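Accompanying notes for the structure given below.
The values are calculated or read from the model by the stated rules, or taken from the named source; none is laboratory data. Keep in mind it's a predicted model, so treat the numbers as computed, not measured. We place every Cβ from the backbone using ideal geometry, glycine too, and count neighbours over all the protein chains shown.
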Amino acid sequence: MPTVCALGVAAVARLPVSPTPAPLTGHPLRQAALRSGIVRAVVCHAFAPVDQLVVEERPSPPCPPDAVRVAVRACGVNFVDGLFVQGRYQIKPPLPFTPGGEIAGVVTEIGSDVAGVGVGHRVLASVGLGGFADEVVVRAAQAVAIPDALSDGQAATFVQSYLTGLFALRERAHARAGQSLLVLGAGGGVGLAAVDLGRMLGLQVIAAASSEAKRRAALDQGAQAVIDTSTEDLKDRARELSGGGVDLAYDPVGGEAAEQALRALGEDGQLVVIGFASGTIPRLPANQVLLRNRRVTGVDWGAWAMRHPGENRALLAEVLAAIEAGRLSPVEPQTYPLDHVARALTDLAERRVVGKVALVP
Ligand SMILES: NC(=O)c1ccc[n+]([C@@H]2O[C@H](COP(=O)([O-])OP(=O)(O)OC[C@H]3O[C@@H](n4cnc5c(N)ncnc54)[C@H](OP(=O)(O)O)[C@@H]3O)[C@@H](O)[C@H]2O)c1
């Protein structure tokens, strides 16, 4: 069935990709391709199952005066990318397009008007689309320096999940230290980030996940307790672990789990609606919201970020500072070569991934 997710991605224009004139590293074939002005990119020609994606070569565009050329070292793969290529997202990019919203890499060329970013700098960028390629050309204003504390894989995969989490917990739910936080899908990308952020904000984190590996990852990120959703009753166990009812339930999963999370809330508790990875948008019983003076809080970080670019940049700077100070620790992603994009998206959709996924060109 069609799935709608809550992430608003308005930047659906296809980004140009281009080769690098910079020092050539890696496989000899890649070096030869780059030398000949050819870029490799994943291309979606029709809204179809992910195995219809192809990797194609195309000529590189020039680098405009306000842009930088980046040799991509890692591209973050998000749940939403699978929805985009299957035409199951509320925004449908014009075909053909290259998916991929987050990249990290090295600047190989700067436009004539660019200052403050130089060749050889490691940068990350949120590109909307176009990231599944071995090079991208982005506006210099989009390129953010990567601190040494972050690997290329981490840098390409933390922005969406951490900014969503901080925006959701602090700006939308007004979380306070000492509150209990139930995180659903806690072993997934968005879930693990919420666990890490919850720990930083002083919340008592209860992580719900279906596998031992996912629960272990959540404990490593700072969860105080875990719920095995494959064997335990989510509502009963969350109430038990929180001493009567949780203050906040962070839900990127939806489906039946959402109602269980709502019923697990205590007095004045909030269900924080993040997404519907289960594929089902829940219909919540209003009496369960009324009882105990509960609240349901929606989160659309992507739409907010588009409307408030300055505040979003400040949020990113805050997360980067917390990472540099060792107060946040995004996980190292599971990596796949660019040609294995279909496998990466399938593993993510079939719940096999713990944490994040990145393509490494
Ligand atoms: N609101 C926003 O601003 C915002 C921002 C970013 C992302 N999102 C949304 O958040 C959701 C989660 O993203 P994510 O990156 O965390 O995805 P993910 O890494 O794939 O994790 C999703 C988790 O959901 C659980 N799940 C339960 N049923 C599932 C099913 N049928 N298929 C797949 N997963 C299922 C899985 O955990 P278990 O195996 O433990 O059940 C999985 O680990 C997506 O819908 C995404 O679009 C929203």
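Structural remarks
- Tabulated pairs, segment 346-358, first among the basic types (Lys, Arg), second part of a helix (DSSP H, G or I) and within 9 Å of the ligand (Cβ to nearest atom), C-beta under 9 angstrom, 6+ apart or interchain: Arg351/Lys214; Lys356/Ser161; Lys356/Gly189; Lys356/Leu192; Lys356/Ala193
- Condition check for Ser211: in contact with a strand residue (DSSP E or B) (Cβ under 9 Å, 6 or more places away or on another chain), over 20 Å from Val296 (Cα atoms) and either among the polar types (S, T, N, Q) or buried (at least 24 other Cβ atoms within 10 Å of the Cβ) (or both): yes
- Screening segment 44-110 for strands (runs of 3 or more DSSP E) wholly inside it with 2 or more residues that are within 16 Å of the ligand (Cβ to nearest atom) returns the ranges 67-77.
- Filtered residue count, segment 232-282, keeping only those that are farther than 22 Å from Glu212 by Cα and part of a strand (DSSP E or B): 12
Matching residues to (1) modelled with pLDDT under 95; (2) among the charged types (D, E, K, R); (3) more than 26 Å from Val354 (Cα to Cα):
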{"residue": "Thr25", "(1), (2), (3)": "yes, no, yes"}
{"residue": "Leu29", "(1), (2), (3)": "yes, no, yes"}
{"residue": "Ile38", "(1), (2), (3)": "yes, no, yes"}
{"residue": "His45", "(1), (2), (3)": "no, no, yes"}
{"residue": "Leu53", "(1), (2), (3)": "no, no, no"}
{"residue": "Pro64", "(1), (2), (3)": "no, no, yes"}
{"residue": "Val68", "(1), (2), (3)": "no, no, yes"}
{"residue": "Phe79", "(1), (2), (3)": "yes, no, no"}
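- Note on segment 328-360: residues that are within 11 Å of the ligand (Cβ to nearest atom), assigned to a strand (DSSP E or B) and either aliphatic (A, V, I, L, M) or more than 13 Å from the chain's Cα centre (by Cα) (or both) total 2.
- Any hit, segment 165-187, residues being touching a Lys or Arg at 6+ places or on another chain (Cβ under 7 Å), at pLDDT 95 or above and either within 19 Å of Val353 (Cα to Cα) or part of a loop (DSSP other than H, G, I, E, B) (or both): yes
- In the set Arg73, Arg69, Arg58, only one residue is surrounded by fewer than 19 Cβ atoms within 10 Å (Cβ to Cβ) and not hydroxyl-bearing (Ser, Thr, Tyr); that residue is Arg58.
- Which listed residue is of a type in the set (Ser, Thr, Tyr) and over 30 Å from Val54 (Cα atoms), from Thr346, Thr335, Thr297, Thr280: Thr297
- Number of residues in segment 306-361 that are in contact with a Phe, Trp or Tyr (Cβ under 8 Å, 6 or more places away or on another chain), buried (at least 19 other Cβ atoms within 10 Å of the Cβ) and not charged (D, E, K, R) equals 13.
- Residue that is at pLDDT 95 or above and either of a type in the set (S, T, N, Q) or more than 15 Å from the ligand (Cβ to nearest atom) (or both), where the choices are Ala264, Ala249: Ala264
- Any hit, segment 122-140, residues being modelled with pLDDT under 95 and not hydrophobic (A, V, I, L, M, F, W, C): yes
- Verdict on Glu240 being within 15 Å of Leu265 (Cα to Cα), without any contact (Cβ under 8 Å) to a residue 12 or more places away in the chain and among the charged types (D, E, K, R): yes
Residue-by-condition table, conditions (1) part of a helix (DSSP H, G or I); (2) touching a helix residue (DSSP H, G or I) at 6+ places or on another chain (Cβ under 8 Å); (3) under 19 Å from Ala305 (Cβ atoms); (4) within 16 Å of the ligand (Cβ to nearest atom):
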| position | (1), (2), (3), (4) |
| --- | --- |
| Val117 | no, yes, no, no |
| Ala125 | no, yes, yes, no |
| Leu129 | no, yes, yes, yes |
| Ala149 | no, yes, no, no |
| Thr157 | no, yes, yes, yes |
| Leu197 | yes, yes, yes, yes |
| Val205 | no, yes, no, yes |
| Ala213 | yes, no, no, yes |
| Val226 | no, yes, no, yes |
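- Gln86 vs. criteria over 27 Å from Gln334 (Cα atoms) and within 19 Å of the chain's Cα centre (by Cα): no
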